[in-house]
Structures are given as C-alpha cells and as structure tokens.
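Below you'll find the structure, written out as structure tokens, and then a few comments.
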Amino acid sequence: MDTLNDFHFKQKKYMPVFPKASGKPTIYIEGYPCEDDEPMAATGFHGVQITTFFDQLSYYFAINEHIHIGIDNFIYYDDGDITKVVAPDVYVVFGVEKHPQRRSFYTWMEGAAPIAIFEFLSDSTANQDRNEKVQVYLKDMGSQEYFIHQPEMKKPAEFRGWQRSPSGDIVEIEPDVRGGLFSEALNLWFRWEEQPDTHVRLLRPYLPDGTAITTSMEERRLHKQEQQLRIQEQDRRIQEQNRRIQEQNRREAAEAKAAEEQQRRQALEIELERLRAQHTDTKNKNA
C-alpha cells in the first residue's frame, strides 16, 4: 500500500467544511501589546508537546489555505478592551487566511474566533486552565471546543475537553474507553501516548478512522522509507526479470542442443541406412 497517497486521500475525505470568515488578516494593531516577555513553554515537557502538536496540526491542515494554526500568541476578543486577551498554547481558526503570520489575533478584525483551543497544564496555570478559562474561551470568546492535557509523565494523567452545545450550554466531552476525546469541530480524535525516552505524555491527533497524523519529520521519514521500499521492489522486479531471462536463455540453449543432437542422430541414421544399402548391393553382386 502507498501509505502517503492513502493518507492524502483520507486527509481530503475528512477535512471539515466551513464558510470563509467575514474579516481580513491583521498582523498588528497599534496599542494592543503582542509580547509579555514570558517564554513559550513552561517546561521542556511542554516545549516538546506544544511544538510536536503544532507541527502535526499544521501538517494536516496545510491543504486548506483558510485554516490558521496559532501557537502561544495573544488573542484579543473585544474591540477596544486590551484586557480581554488570552494566549492559548495552540488554537485553530477556520475561515481565515493561513498567512501572513500575525503578531496577535484580533477576532473582530478577522471575523472569526478560534474553533478549538488546547492548553497544556503547568503548575502555575493548571487551576485557571481547568476552571475560568472554560468560561472565557467557550462563552466570552465564542470558541466551539476547549481541551486541556497534562504532558508531564511524572504527574497524574489528565485529558479533558468541553464544547458548546447548540443551545449555548457548556458540556464536558465524554471520553471513549481508551480515554480519547473526539473533536466534532475538527473531525479528529485526540489521544495521548507515553514517550519514555522524553518522559512526555504526548497528545496526538488521529483521523476518524484511527489513522495517526504525523509530524512533518515523521512524514519525511515515512516518505524516505517508502522510497526505499519502492527501490527494493524495483530491484526485486529487475532481479526476477533477469532470472526469467536467464531461465529463458537456458531453455533456449537446451532446446538448441536437443535440436542439434536430433539432427546429428538423423544424419547418423541416414549414413547407416546408406551403408546398409551399399552392403546389400555388394553382397547381391557377389552372389
């Protein structure tokens, strides 16, 4: 099976459909701070989780030019009020142009709010992530879904999600038997797996049929492996073709040798028959 082509087929099959936003990309608005001098990741565990997760979502949604993936930058959601600001670890916005990159995201300028938001728990923000941000993201800002995850393996596993119901109520998303959560907004499953080498409990996205979404590095490695497999298959076919040619040559040589032997036997039989006839003639003459 051609794994990459199979994935690209599924990628188009499962990609969400949505209208374009009413606004326009806005890189920066004077008077709205875009930096707070805080590092992007709280710990190395968060750094691995955030960058890996961002890379996976960016790779998957790359085929649609109207899906923007944000990572730890400010989102302002109330025109004129600079205190109405959040900075999620990772968020996804439908309907807006992917590029250019924004210094901050302004919902009223873009005409859209993030459809899904992801926070990775740290000691300093965990309580806020579990409680008040649920209201801020889903009610105040108007996002559709919100997820939290604990990436540090030495801490208890925690993966939860909430969504706005059609009536506007906030409801917690029920996990499946494996602890995974399905995002109706993104049409993706999310599950975590422990990475003993990095001590990271890594949250990963999956297609609805369970196909894992790779990082760009994993995709390149997979592409290289498939190239090697194709080369090996081509070499195998060449070897098989050479084997068939050699076998054909051996059969033809054997057939030629058999034909030559047959001709030699026929010539001997003719010669023997001639000698017998000659002997008979000589005997009759001497009688």
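Details
- Test: residue in region 162-182 that is surrounded by 18 or more Cβ atoms within 10 Å (Cβ to Cβ), in contact with a helix residue (DSSP H, G or I) (Cβ under 7 Å, 6 or more places away or on another chain) and over 26 Å from ASN5 (Cα atoms): yes
- Residue in region 105-116 that is farthest from GLN150 (Cα to Cα), counting only those that are out of contact with any strand residue (DSSP E or B) (no Cβ under 6 Å at 6 or more places or on another chain) and not in a helix (DSSP H, G or I): GLY111
- Hits in region 197-233 (condition: loosely packed, with under 14 Cβ neighbours inside 10 Å and either touching a strand residue (DSSP E or B) at 6+ places or on another chain (Cβ under 9 Å) or at pLDDT 95 or above (or both)): PRO208, ASP209, GLY210
- Checking the stated criteria, VAL92 turns out not to satisfy the condition of being β-branched (Val, Ile, Thr), closer than 21 Å to ASN187 by Cβ, at pLDDT 95 or above and more than 22 Å from the chain's Cα centre (by Cα).
- Filter pass, ASP81 being in contact with a Phe, Trp or Tyr (Cβ under 6 Å, 6 or more places away or on another chain) and of a type in the set (Asp, Glu): no
- Filtered by the rule that a residue be without any contact (Cβ under 8 Å) to a residue 40 or more places away in the chain and among the small types (Gly, Ala, Ser), region 73-125 gives GLY80, ALA113.
- Among the residues of region 117-149, those identified as within 19 Å of LEU188 (Cα to Cα) and in a loop (DSSP other than H, G, I, E, B) are SER143, GLN144.
- Residue selected from region 17-66 under the condition within 20 Å of the chain's Cα centre (by Cα) and closer than 16 Å to PRO100 by Cβ, by the criterion surrounded by the most Cβ atoms within 10 Å (Cβ to Cβ): SER58
The values are calculated or read from the model by the stated rules, or taken from the named source; none is laboratory data. No experiment lies behind these values; they were computed from the predicted model shown. With ideal geometry, Cβ positions are generated from the backbone for all residues, glycine too; neighbour counts draw on all protein chains shown.
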